[in-house]
Amino acid sequence: MKVLVLGSGVIGVASAYYLAKAGHEVTVVDRQPAPALETSYANAGEVSPGYSAPWAGPGVPLKAVKWLMMKHGPLVVRPQLDPAMWIWMARMLANCTSAAYAVNKARMVRLAEYSRDQLRALRAETGITYDERSRGTLQLFREEAQLEATAKDAAVLAESGVPYEVLDVEGCIRAEPALARVRGKFVGGFRLPDDETGDCHMFTQKLAALCAELGVVFRHGVHIKALSMEGERLAGVSTDAGFLTADAYVLSLGSYSPLLLRPLGLSIPVYPVKGYSITVPITDETAAPVSTVMDETYKVAITRLGDRIRVGGTAELCGYDLTLRPSRRATLEHSVGDLFPDGGDLSKASFWCGLRPMTPDGTPVIGPTRLSNLYLNTGHGTLGWTMACGSGRVIADIVGGRKPEIETADLAMSRYG
């Protein structure tokens, strides 16, 4: 079939790759001049199946109040006159139960584990490199209460067959030797040894080059204006470069997906949650992380990417505002400077933000719509990089009429009624 993929972030490009591998004629459309220049550009760098978990969970409403009061809190809410924000927040609160958390985490881990397997297979087949490392993720706790709260995560991981380790201070230092310099600042950790790291922007650009070798056409610098419906099908896509048509369409526009769906009478509860990052040049390799360290107190991920440290975090609800706020940079600098004070030169760090497309239950929206030739691959939140290859393979199977290798019914938009 002729398939039009809307969006050239990591999800859109992965979709295009697996669709092309399946024999389809694929075109990718995006307003940016090259792949991976928005949310995929400078994310935290984690490929973390074991750390895949919904933000909505028991105790989160109380924690949120505490976070809002912290100087370097991980949550910022800037109220908007936008019903979508308030509806999204209400739906997220409804998912803050033990039962919902277990269901949501289990399906997120299922997709993320599958995605990691697909990424490894892709790496073996193509030799693609992207400053990748397979050294695990260390969730670092500054307080005993945080360490004790890992029991519910451990139970879900054990049920899913995901290996994990609960570590004391010395165990954390064995995993991340540079932490020996600040051993008094944490009490223990939770390590996921199978997790990986890598530069998402580098990966997406190289995967796009592999797509081009398979015949995928990229039309960058093309602004998508609207989707046009004809009966129970999508007739085409209005752009500033004309009206584009195909046999099937895959919508992978992240936080902007619901804006295009709404005029068609299709609704998905995807809302932008802004995240920030700094990228710090390493000055002393022995004082830098070897993989990813999650600072649980500030919800900041500190990741080694080649000769750089990527520091990502903050959940800011502010609509589609892309303002770079110095207070958020200060939080990232505080976390990395506290745990890896001699690892990098903060004065030379670059500062970035992106809009994560979040669903209230944390699970992406992947699968068909009521329009027979329109498919969704969006809503991955903080886990687009982690879930990209699995999501791309799943949507290629669904579009091609094949049964995916994992259960996907609970990923589709039909779960919202």
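The values are calculated or read from the model by the stated rules, or taken from the named source; none is laboratory data. No experiment lies behind these values; they were computed from the predicted model shown. Here Cβ is always computed from backbone atoms with ideal geometry, including for glycine, and neighbour counts include all displayed protein chains. With ligands, DNA and RNA removed, areas are computed over all heavy atoms of the protein, side chains included. Shrake-Rupley method; radii C 1.70, N 1.55, O 1.52, S 1.80 Å.
Structure above, values below:
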{"item": "Test for SER347: is it surrounded by fewer than 21 Cβ atoms within 10 Å (Cβ to Cβ), in contact with a strand residue (DSSP E or B) (Cβ under 9 Å, 6 or more places away or on another chain) and without any contact (Cβ under 8 Å) to a residue 40 or more places away in the chain", "result": "no"}
{"item": "Single unsatisfied condition, GLY50 versus (1) out of contact with any Leu (no Cβ under 6 Å at 6 or more places or on another chain); (2) within 30 Å of TYR101 (Cα to Cα); (3) of a type outside the set (Val, Ile, Thr)", "result": "(1)"}
{"item": "Those residues of the stretch 58-89 which are open to solvent by less than 80 Å² (accessible area, probe 1.4 Å), in contact (Cβ under 8 Å) with a residue 12 or more places away in the chain, under 29 Å from ARG262 (Cβ atoms) and within 23 Å of the chain's Cα centre (by Cα), in sequence order", "result": "VAL60, PRO61, LEU75, VAL76, VAL77, ARG78, ALA84, MET85, TRP88, MET89"}
{"item": "Extreme residue, surrounded by the most Cβ atoms within 10 Å (Cβ to Cβ), among residues of the stretch 209-234 that are in contact with a strand residue (DSSP E or B) (Cβ under 9 Å, 6 or more places away or on another chain) and without any contact (Cβ under 8 Å) to a residue 12 or more places away in the chain", "result": "ALA212"}
{"item": "Test: residue in the stretch 104-113 that is part of a helix (DSSP H, G or I) and surrounded by fewer than 19 Cβ atoms within 10 Å (Cβ to Cβ)", "result": "yes"}
{"item": "Lone unmet requirement of (1) buried (at least 24 other Cβ atoms within 10 Å of the Cβ); (2) in a loop (DSSP other than H, G, I, E, B) for GLU407", "result": "(1)"}
{"item": "The stretch 114-148, subset free of Cβ contacts under 8 Å to residues at least 24 places away in the same chain and closer than 30 Å to PHE186 by Cβ, residue most open to solvent (accessible area, probe 1.4 Å)", "result": "GLU148"}
{"item": "Unmet criterion (only one of (1) under 19 Å from GLY254 (Cα atoms); (2) outside any loop (DSSP other than H, G, I, E, B)) for ASP397", "result": "(1)"}
{"item": "Lone unmet requirement of (1) in contact with a helix residue (DSSP H, G or I) (Cβ under 7 Å, 6 or more places away or on another chain); (2) under 24 Å from THR39 (Cα atoms); (3) open to solvent by 10 Å² or more (accessible area, probe 1.4 Å) for THR386", "result": "(3)"}
{"item": "Conditions (1) buried (at least 24 other Cβ atoms within 10 Å of the Cβ); (2) over 27 Å from THR297 (Cβ atoms): number failed by THR359", "result": "(2)"}
{"item": "Check on LYS63, farther than 28 Å from ARG308 by Cα, basic (Lys, Arg) and at pLDDT below 95", "result": "yes"}
{"item": "Residue match in the stretch 99-114 (condition: more than 30 Å from PRO404 (Cβ to Cβ) and either basic (Lys, Arg) or in contact with a helix residue (DSSP H, G or I) (Cβ under 6 Å, 6 or more places away or on another chain) (or both))", "result": "no"}
{"item": "Set LYS206, LYS185: member being open to solvent by 40 Å² or more (accessible area, probe 1.4 Å), closer than 27 Å to THR279 by Cα, in contact with a Lys or Arg (Cβ under 9 Å, 6 or more places away or on another chain) and in contact (Cβ under 8 Å) with a residue 40 or more places away in the chain", "result": "LYS185"}
{"item": "Per-region count, the stretch 299-312, residues closer than 17 Å to PHE141 by Cα and surrounded by fewer than 24 Cβ atoms within 10 Å (Cβ to Cβ)", "result": "1"}
{"item": "Residue, most open to solvent (accessible area, probe 1.4 Å), within the stretch 15-57, restricted to residues that are aliphatic (A, V, I, L, M) and closer than 24 Å to ALA315 by Cβ", "result": "LEU37"}
{"item": "Close pairs from the stretch 314-328: first open to solvent by 60 Å² or more (accessible area, probe 1.4 Å), partner aromatic (Phe, Trp, Tyr), Cβ under 7 Å, at least 6 apart", "result": "LEU324/PHE351"}
{"item": "Of all residues making up the stretch 149-176, the number that are open to solvent by less than 30 Å² (accessible area, probe 1.4 Å), part of a loop (DSSP other than H, G, I, E, B) and more than 17 Å from VAL103 (Cα to Cα)", "result": "1"}
{"item": "Some residue of the stretch 273-287 being under 21 Å from the mean Cα position of the chain (by Cα), touching a residue at least 40 places away in the same chain (Cβ under 8 Å), open to solvent by 10 Å² or more (accessible area, probe 1.4 Å) and within 25 Å of THR137 (Cβ to Cβ)", "result": "yes"}
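Table: residues versus (1) modelled with pLDDT under 95; (2) among the small types (Gly, Ala, Ser); (3) farther than 30 Å from SER291 by Cβ; (4) under 25 Å from the mean Cα position of the chain (by Cα).
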residue: LYS206; (1), (2), (3), (4): no, no, no, yes
residue: LEU210; (1), (2), (3), (4): no, no, no, yes
residue: VAL216; (1), (2), (3), (4): no, no, yes, yes
residue: ASP240; (1), (2), (3), (4): no, no, yes, no
residue: VAL250; (1), (2), (3), (4): no, no, yes, yes
residue: GLY254; (1), (2), (3), (4): no, yes, no, yes
